[in-house]
Amino acid sequence: MSRSEVATRTFQVRDGETRRFDCTDGDTLLRAALRAGVPATYECNSGGCGSCKFTLSDGEVRQVQESPAGLTERDRRKGRLLACQSVPTSDCTVSLLVDPVDSGLPAPVRRRAEIVDARMLTHDLRELTISIGVDATFLPGQFAMLRRPDGEERAYSMSNLPGEGVWQIQIKRVPGGAESGAFVDDLGVGDRIEVDGPYGHAHFRPTGRDVVCIAGGSGLAPMVSVARGLAASDGAAERRLHFFYGGRAARDLCAGEFVAELAGELAEVTLVDVISDEVPPDWAGARGFVHEAVATAGLSDLADRDIYVAGPPPMTDAVVRLLVRELQVPVGQIHYDRFF
Ligand SMILES: Cc1cc2nc3c(=O)[nH]c(=O)nc-3n(C[C@H](O)[C@H](O)[C@H](O)COP(=O)(O)OP(=O)(O)OC[C@H]3O[C@@H](n4cnc5c(N)ncnc54)[C@H](O)[C@@H]3O)c2cc1C
Ligand code: FES
């Protein structure tokens, strides 16, 4: 069934005894729930993490991906599906997992929007500025689903702050990737794309604690947004920011421009650039993986800070393991979305 055929229909979804919501426009079950204010559990919105599993007791859904990584063989045998990959094709009765803590986040909206600026930040990381309207709010650290004309959707995080009328995203070209290369190389000012968001739970929380942002590769954008959120929050002048950014080579590193702009707003700003592979002979900074740089940074009070993490799954997993197991940071102070 094509997107345009589905767009004319609306299905009713019943979840448990009390919740009912509409599903329109060929939406996935997850997006329909979030648009209706139902705080369904999810993380990546891309089929990779498995956190949106649900069971279907009545009705029919079609699958966006045939074999999403987030669904195991055991899940399939037990009749579980992924809400972010299931598009209702009839009225449905489902059993969704919900997390009331996430009530009140901005509901995602799908829009067509125009690219109004574009620039290369490094040899393979491009920043696109998309005109979206001042009402299109989000929380620093959240992401949107972007689709080129005739392309497949991918998740990209905003790097700016809400209320500016634009969403700025930073896209890294993944070698062999189906979509990222086209976003980096083929789109330009004046092109229109589909933007659906905001999504994500790893958003800035103004708790009054100092903040550590830890990013690798494509994870720079949400960490820049979180850092900007901290600088714009009450009491910013007393807050300290420690920002780690890891790349394979010196030419991958570009966080300096963004972190420097916050120096006048915060009590202390520290940037640690980390190179893992092609370390120049005269490199005076950190070398190795990002989690190794965090471990050796000498931050004795990490357990008293809020820590935000973004990047490829192996990096995020290594950082979170270090923080929780070795550095005893309370889990509630660690916020991350893995980039499946
Ligand atoms: C919540 C969330 C937020 C994201 N935010 C950003 C962002 O701000 N900027 C950004 O550039 N990307 C971001 N991503 C990743 C992005 O959605 C795409 O997965 C990525 O651009 C690759 O798409 P592709 O079509 O080129 O690759 P695909 O064809 O989908 O995959 C090709 C191969 O690349 C691998 N791959 C996928 N993503 C990455 C990655 N990030 N690094 C290295 N290898 C990868 C895949 O595992 C696969 O093996 C985010 C992902 C999620 C889930
Ligand atoms: S949110 Fe559905 S698999 Fe990650």
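The values are calculated or read from the model by the stated rules, or taken from the named source; none is laboratory data. If you're wondering where the values come from, they're calculated on a predicted model, not measured in any experiment. So basically every Cβ, Gly included, is an ideal-geometry build from the backbone, and we count neighbours across all protein chains shown. Each accessible area value is taken on the protein alone, full model and side chains, heavy atoms only, with ligands, DNA and RNA left out. Shrake-Rupley method; radii C 1.70, N 1.55, O 1.52, S 1.80 Å.
Of the residues SER86, SER67, SER51, the single one that is within 16 Å of ligand 1 (Cβ to nearest atom), open to solvent by less than 80 Å² (accessible area, probe 1.4 Å) and of a type in the set (Ser, Thr, Tyr) is SER51. Pairs are defined by a Cβ separation below 6 Å, a sequence spacing of at least 6 or placement on different chains, a first member in region 282-305 that is more than 15 Å from PHE243 (Cβ to Cβ), and a second member that is assigned to a loop (DSSP other than H, G, I, E, B); the pairs so defined are ARG287/VAL279; ALA303/GLN328; ALA303/VAL329.
SER233 fulfils the conditions (1) polar (S, T, N, Q); (2) within 18 Å of THR122 (Cβ to Cβ); (3) modelled with pLDDT of 95 or more except for a single criterion, (2). On the stretch given as region 150-201, residues that are of a type in the set (A, V, I, L, M, F, W, C), open to solvent by 30 Å² or more (accessible area, probe 1.4 Å) and under 19 Å from GLY133 (Cα atoms) total 3.
Pairing each residue of region 164-181 that is more than 22 Å from ARG251 (Cα to Cα) with any residue that is crowded, with 18+ Cβ neighbours inside 10 Å and of a type outside the set (Val, Ile, Thr), provided the two are 6+ apart or on different chains, yields C-beta distances under 6 Å for TRP167/MET158; GLU179/ARG154.
Residues that are within 16 Å of ligand 1 (Cβ to nearest atom), within 18 Å of MET145 (Cα to Cα) and either open to solvent by 70 Å² or more (accessible area, probe 1.4 Å) or not assigned by TED's automatic domain parsing to the domain that holds PRO314 (or both): does region 15-25 have at least one? There is no residue in region 15-25 that is within 16 Å of ligand 1 (Cβ to nearest atom), within 18 Å of MET145 (Cα to Cα) and either open to solvent by 70 Å² or more (accessible area, probe 1.4 Å) or not assigned by TED's automatic domain parsing to the domain that holds PRO314 (or both). Restricting region 294-340 to residues that are part of a loop (DSSP other than H, G, I, E, B) and within 16 Å of ligand 2 (Cβ to nearest atom), the residue that is modelled with the lowest pLDDT is PHE340.
Answer yes or no as to whether ARG119 is surrounded by fewer than 14 Cβ atoms within 10 Å (Cβ to Cβ), within 27 Å of GLU179 (Cβ to Cβ) and out of contact with any helix residue (DSSP H, G or I) (no Cβ under 9 Å at 6 or more places or on another chain). So ARG119 passes the test.
Restricting the first member to region 326-340 and to residues that are of a type in the set (S, T, N, Q), and the second to residues that are part of a strand (DSSP E or B) and crowded, with 19+ Cβ neighbours inside 10 Å, the beta-carbon pairs closer than 9 Å and six or more apart or on different chains are GLN333/ASP306; GLN333/ILE307.
Is it fair to say ALA286 is surrounded by fewer than 20 Cβ atoms within 10 Å (Cβ to Cβ), more than 16 Å from ligand 1 (Cβ to nearest atom) and either within 29 Å of GLY50 (Cα to Cα) or over 19 Å from the mean Cα position of the chain (by Cα) (or both)?
No, not satisfied.
For region 153-182, the set of residues classified as under 18 Å from SER218 (Cβ atoms) and more than 7 Å from ligand 1 (Cβ to nearest atom) consists of GLU153, MET158, SER159, ASN160, TRP167, GLN168, ARG173, PRO175, ALA182, listed by residue number. Yes or no: region 91-100 includes at least one residue that is within 16 Å of ALA155 (Cβ to Cβ), polar (S, T, N, Q) and modelled with pLDDT of 95 or more. No, region 91-100 has no match at all.
Where helices (runs of 4 or more DSSP H) fall entirely within region 153-266, those with at least 2 residues that are farther than 29 Å from ASP277 by Cβ are at 220-231.
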